[in-house]
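Read through the structure below, which is laid out as structure tokens, and then see the notes.
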Amino acid sequence: MEIDKSEVKRYLRISGGNDDGLDSLIDELSQKALTLLCPKSILNRFSVTHEDGGIRIKGTDIVFGGNLVKSVFDGCDEIFIFAATLTLQSESLLKQCFAKSTVDGIVCDSVLTAMIESYCDEIDDSICKQVAKEGKTATRRISCGYGDFPLSCQKDILDILNAPKFLGIKLNENNMMLPNKTVTAVMGVKKRDFDTASCMESNSKNKCDCCDARCGFKRQ
């Protein structure tokens, strides 16, 4: 796993030229985070049915509603749900950095955000590769609170994954998670709607142009 310095700067809302002092601090805190922290995750696959309001996980009362859910998971008969966290050690590291200086704390917060996103990208890519072997494709991942995907679904996600037990994730009354650097996400699985053989035989310079899969190759 890597921590992209440009992503850290994006979270810091910094653009433009280089700042040797800032770059050095980002490098230092990134190395510290990669050395001290061991991200953890839990992942499971579920069959779903479609309802007027969204999708229902088969065999449960859990319904993910909203126009975003309906749009992203259109045509999907399965979903992957995962939770990923930098664990409580990330909270300790962040407190140490803020104790040193406000600047260190703010930069550390952005470093940790970039780190958990990078870790989620790895999970994302793994799912894409797994379903590709089945002749299927994965949708982009979405999380509670994005668009009109209700934040209240956070509890259902944590409960169905048993994330509080296995990852130590807690949810407060406002549906915010602790550790703070924790992400839950849902990805859909559906049949490919293109001819793989025709795509590979095409003269397209970029084979990604005719692929509806979402993976690390396409992002790059």
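Placing unit charges on the Cβ atoms only, positive for Lys and Arg and negative for Asp and Glu, gives the chain a dipole magnitude near 320 debye about its Cα centre. Neighbours of Thr85 by Cβ distance under 10 Å: Lys/Arg scored +1, Asp/Glu scored -1, total +2. Using a Gaussian network for the chain with springs between C-alpha atoms less than 10 Å apart, which of these wobbles most: Ala114, Ala185, Ala132? So, out of Ala114, Ala185, Ala132, the one fluctuating most is Ala132. Derived value for the range 29-169: Kirkwood hydrodynamic radius 16.8 Å. Basis is the mean of 1/r over every pair of different alpha-carbon atoms.
Taking a straight Cα-Cα cut-off under 16 Å and skipping sequence neighbours fewer than 8 places away in the same chain, the lysines within cross-link reach of Lys170 are Lys40, Lys155, Lys181. Here the range 64-78 and the range 101-175 have alpha carbon centers that stand 18 Å from each other. At a Cα cut-off below 17 Å, give the lysines reachable from Lys100, other chains included and same-chain residues fewer than 8 away excluded. Straight-distance partners of Lys100: Lys32. Looking at the chain, the accessible area is 55 square angstrom per residue; that uses a 1.4 Å probe and ignores ligands, DNA and RNA. Shown are Ile106, Ile3, whose ranking by accessible area with a 1.4 Å probe and every protein chain present, most to least, is Ile106, Ile3. Can you pull the percent of the chain's accessible area that's carbon plus sulfur, 1.4 Å probe, other chains left in place? Carbon plus sulfur share of accessible area: 48 percent.
Mean-square fluctuations from a GNM of the chain, with a 10 angstrom spring cutoff on Cα atoms, peak among Asp20, Asp109, Asp125 at Asp20. As a calculated quantity, the FRET efficiency between Asp23 and Ser143 at R0 = 25 Å, using C-beta atoms, amounts to about 0.25. Considering the zone a paramagnetic label at Lys191 would reach in this model (a point 7 Å from Cα along the Cα-to-Cβ line), which residues of the range 78-94 have amide N under 14 Å from it? What the label zone holds, given the 14 Å backbone N cut-off, is 78. At most 15 other Cβ atoms within 10 Å and a DSSP loop assignment: could you name the GluC sites (Glu not before Pro) in the range 82-155 that fit? Loop-located and lightly packed - Glu134. Accessible surface for Met176 stands near 110 Å², nearest 10, in the context of the full protein assembly shown (1.4 Å probe).
The values are calculated or read from the model by the stated rules, or taken from the named source; none is laboratory data. Note that the structure is predicted; figures quoted are calculated from it, not measured. Counting neighbours? That spans all protein chains shown, and the Cβs are built from the backbone with ideal geometry, glycine included. For the accessible areas, the whole protein counts, side chains as well, though only heavy atoms, and no ligand, DNA or RNA atoms are used. Shrake-Rupley method; radii C 1.70, N 1.55, O 1.52, S 1.80 Å.
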